[in-house]
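Undergrad: Take this structure, written in structure tokens, and hold onto it; I'll ask about it next.
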Amino acid sequence: MSHCRVAPVNRGNARKMRKAMTDAELKLWNEIRAHRLMGLPFRRQMPIAGYIVDFACPSKKLVIELDGSQHGRAEVSALDSIRAEKLEALGWTVLRFWNDDVLREIDNVCQHIVIEAGLGGAAEVD
């Protein structure tokens, strides 16, 4: 993957966000970090096209966003759609999960990620 210049403010914000993960982000990160999920290499709080995505697998051009209750509001949902459209225009696949789904159904979330990454079958979760 080619590297793009990232604005210093975005890089700084990404660093701050990596240090302050939500419970759902931490739970998912513990499942996908260090190639734990079927060997997929994920990064967290990665800047892409002026946005900071929760998780990204650059080799599969896969973005994972975790949403809290504020994303159920119409104005936030509309902004999420615009963001997803811009990322998809750059060739990224965007997956969105509710925080509650990650906290309660992590195995199903991981299986969905594996399927979307094109690895099919059931996920091997440690």
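Here, each number is a calculation from the coordinates, and none is a lab measurement. Because the structure is a prediction, the values reported are computed rather than measured. Don't worry about glycine lacking a Cβ; one is built from the backbone with ideal geometry, like all the others, and counts go over all protein chains shown.
Undergrad: Would you calculate the separation in nanometres between label points at Leu103 and Glu88, each defined as 7 Å from the Cα along the Cα-to-beta-carbon direction?
TA: Each label point lies 7 Å from its Cα, and together they span 2.9 nm.
Undergrad: Taking amide H positions as placed 1.01 Å from N in the peptide plane, with prolines and chain starts having none, which residues 5 or more places from Ile48, or on another chain, fall under 5 Å of its amide H?
TA: Val53
Undergrad: If you bin every alpha carbon distance in the range 8-116 into 10 Å steps from zero, what whole percent lands in each bin?
TA: 14, 48, 35, 3
Undergrad: Related question: Going by amide H atoms built from the backbone, whose H comes under 5 Å of the H on Thr93, apart from near neighbours?
TA: So Thr93 has HN proximity to Leu62, Val63.
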